[in-house]
Amino acid sequence: MIHILDSHSANQIAAGEVVERPASVVKELVENALDAGAKHIDITIEGNGVPLIRVRDDGCGIAIADLPLAVIRHATSKINQIDDLDHLQTLGFRGEALPSIASVSHLEISSRPADEVAGLCLKLIGGEQGEFSEVGCPVGTSVTVRNLFFNTPARLKFLKSIPTEFGLISDTIGRIALAHPDVSFSLTHPQQVVLQTSGRGDLRETIGAILGHAIARQLIPITAQQGAWRIEGFISPPDLVRSSKQTQTFMINGRIVRSTFLSHALEEGYHTLIPTKLHPVVVLHLHVPPSEYDVNVHPTKMDVRFKSEQTLAVFITQAVFQTQINSKPLPSFTTQISTTHETRSQYTLKAGKHLRELEASIMTNIPEKSHLRPEVVDQQKLFLRAQEQTRILDNTVSDVPSPKSCNESSSHMEDTLANIWPLAQLFTTYILATDGEVLLMIDQHAAHERINYERLLAQFRQDEYSSQTLLVPLPIEFTLQEEQVVLENLWNLNEMGFILEQFGARTYLLRGVPVTTGTMQPDRLLRQFIEEVLQKNSVPTIEKLLEEWIYLLACKESIKAQDALSLLEMEQLIALLSKTNNPYTCPHGRPTMVKMTRSELEKRFYRT
Ligand code: ADP
Ligand code: MG
């Protein structure tokens, strides 16, 4: 027999989705306070939240006549019809939270709107036996939840320890606070204020209160706009990473969301800058018209779907990438050059001078046609520039600079890393260097890989994948599987500059190779390329192939760990590194250097 569930059962079932654990109750109550326009929200928790959750706000309050309605299912003051979701300004709209919470707890709501002299209090047990009374209270609303899940023992059993549940609560509040720097939040656990934000509207300050001041100081501000879409917030420099995504907060129009889509677009922006498996720290706020996404995917309203996902993803990725490029991740490197280290500065000077002369011609050399992603193309100018500087520096190595050249303008000294000089090589693998302030330990192979990667990429772009014909064609014999892969990618390989001609059964003649290949054995390289890249990727794009090819070349051409370097060579390496766009990571995203500051050192010696 089919029958309609009584409202109590319906609420309890809804509670199963909306109120999963104490942290979800806190989320719903705090969101109601925000919807009510509160500027101060104080949260008190006892134990794991089951004994007591109280959320007090100074918002608009609930009108006396409305209070009984607030705890009725599907009763909301926020929308009238489904179309209203397209201009939704509030966090709530389903009218489910209060009745759901009421049905599984002892609930007490006291509220006073500004135009009333006294407040009204409503007490419920399991959503029933409503009892009203007049109370004296300040303007605003206070919701107290006691004995959560008292009538649903299964839920209660499923809860974790006090630290875990309380941790989830403070995490929830922390994230919401990040989305609302203009609201002051406080979280109190017996006698102790665990979290407190000022509500002054300063996001970096709020991040400091939630994630810690050390992180807040290092983060880079990001802002970007595209049509009606806007990104705001902070992202970490490539050397500030975490092994989990816990420290990533995504917000859309003031709402905390979880989204693998957003997280993916973000991490794409860090491509090659951060090792895989590590994650940047971010607080990203996305402002988009409500009609462009749907939050009504799940009762908790934390999942979102976007209408134009792909375009949005590209926008986010580019904004993040561009912000990285524009920022100077290690600020201490940009301080003025020390006058005690003149040799290094002469190289910079010389490069600077030649650069100005060359700039015009370089800039006009950029090929029009492009198979690369737009952001790579955007970077092209920078790469070309780095490449030209590299060449000039290459030339200056043999000619020992005369002291006179020091008298030239000193305005070119501000280059990143420009004031770093090498001290020694360690384990024939690392370069110890300093700018007089910090000690740097540079991984010589990683550093050289970064240099070569950017140089080769620029060269590749400039030559527009042209091919150099081999004087003597090289026969290559493939396995059946390799041949298959080669044939599938023949067009792309051709585009890159490989000219292969069928010669016999599974035997090909390699007649041409990309110009960037240099003097290395091209047949071996191609074979390795096929093994490492082509066989692993099902249908790689030309960009992907190009990138992988350049990785491979960059790695091959780079000095290895165990290569002994003279001071002059180290100096040259640092100089070249300083001209790259991303001196702090190798193309695979591993760091090229780690630093130790004077104060870190002093701490070790207990001098502070
Ligand atoms: P929703 O937020 O989806 O509208 P809720 O069940 O969370 O549904 O709340 C029901 C209604 O109660 C809200 O629409 C709002 O009018 C009122 N309300 C709840 N909490 C508060 C509060 N802290 N201040 C003012 N009004 C509130
Ligand atoms: Mg609500």
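Details
- Close pairs from segment 96-122: first without any contact (Cβ under 8 Å) to a residue 40 or more places away in the chain, partner in a helix (DSSP H, G or I), Cβ under 8 Å, at least 6 apart: L107/L98; L107/I101
- Residue among S110, S142 that is away from ligand 2 (no atom under 16 Å from the Cβ), at pLDDT 90 or above and of a type in the set (G, A, S): S110
- Among the residues of segment 77-86, those identified as within 11 Å of ligand 1 (Cβ to nearest atom) and either out of contact with any Phe, Trp or Tyr (no Cβ under 6 Å at 6 or more places or on another chain) or touching a residue at least 24 places away in the same chain (Cβ under 8 Å) (or both) are S77, K78.
- Selection within segment 237-278 - within 30 Å of A33 (Cβ to Cβ), in a loop (DSSP other than H, G, I, E, B), in contact with a helix residue (DSSP H, G or I) (Cβ under 8 Å, 6 or more places away or on another chain) and open to solvent by less than 40 Å² (accessible area, probe 1.4 Å): G254
- Filtering segment 63-87 to residues that are away from ligand 2 (no atom under 12 Å from the Cβ) and under 27 Å from D182 (Cβ atoms) leaves A63, D66, D84, L85, D86, H87.
- For D58, the stated conditions hold: it is away from ligand 2 (no atom under 14 Å from the Cβ) and touching a Gly at 6+ places or on another chain (Cβ under 9 Å).
- Among the residues of segment 131-161, those that are closer than 25 Å to A38 by Cβ, open to solvent by less than 70 Å² (accessible area, probe 1.4 Å) and not β-branched (V, I, T) comprise S133, C137, G140, S142, L148.
- Selection count, segment 211-236, where residues are open to solvent by 50 Å² or more (accessible area, probe 1.4 Å) and touching a Leu at 6+ places or on another chain (Cβ under 6 Å): 1
- Condition check for R204: of a type in the set (K, R) and under 21 Å from Y293 (Cα atoms): no
- Residues (crowded, with 19+ Cβ neighbours inside 10 Å and either free of Cβ contacts under 8 Å to residues at least 40 places away in the same chain or part of a helix (DSSP H, G or I) (or both)) located in segment 297-330: L312, F315, I316, T317, Q318, A319, V320, F321, T323, Q324
- For segment 87-111, the candidate set comprises residues that are more than 10 Å from ligand 1 (Cβ to nearest atom) and assigned to a strand (DSSP E or B); within that set, the residue that is farthest from G59 (Cα to Cα) is H106.
- Qualifying positions in segment 112-159 - aliphatic (A, V, I, L, M) and either within 16 Å of ligand 1 (Cβ to nearest atom) or in contact with a Ser or Thr (Cβ under 6 Å, 6 or more places away or on another chain) (or both): A114, L120, L122, L124, V135, V139, V143, V145, L148
- Of all residues in segment 409-427, those satisfying the criterion of being more than 18 Å from L601 (Cβ to Cβ) and modelled with pLDDT under 90 are S409, S410, S411, H412, M413, E414, D415, T416, L417, A418, N419.
- With respect to the stated conditions, A554 fails to be small (G, A, S), open to solvent by 20 Å² or more (accessible area, probe 1.4 Å) and either at pLDDT 85 or above or at negative phi (or both).
- Among the candidates G61, G37, residue that is among the small types (G, A, S), crowded, with 17+ Cβ neighbours inside 10 Å and assigned to a loop (DSSP other than H, G, I, E, B): G61
- Within segment 162-195, tally of residues that are surrounded by 20 or more Cβ atoms within 10 Å (Cβ to Cβ), more than 22 Å from the chain's Cα centre (by Cα) and in a loop (DSSP other than H, G, I, E, B): 1
- You will find that of V18, V50, V55, V71, the residue that is of a type outside the set (D, E, K, R), within 31 Å of the chain's Cα centre (by Cα) and either crowded, with 21+ Cβ neighbours inside 10 Å or modelled with pLDDT of 95 or more (or both) is V18 and no other.
The values are calculated or read from the model by the stated rules, or taken from the named source; none is laboratory data. Quick caveat: nothing in here was measured; it's all calculated off a predicted structure. Please note: Cβ atoms are built from the backbone with ideal geometry, for glycine as well, and neighbour counts cover all protein chains shown. Only protein heavy atoms, including side chains, enter the accessible area calculation; ligands, DNA and RNA are left aside. Shrake-Rupley method; radii C 1.70, N 1.55, O 1.52, S 1.80 Å.
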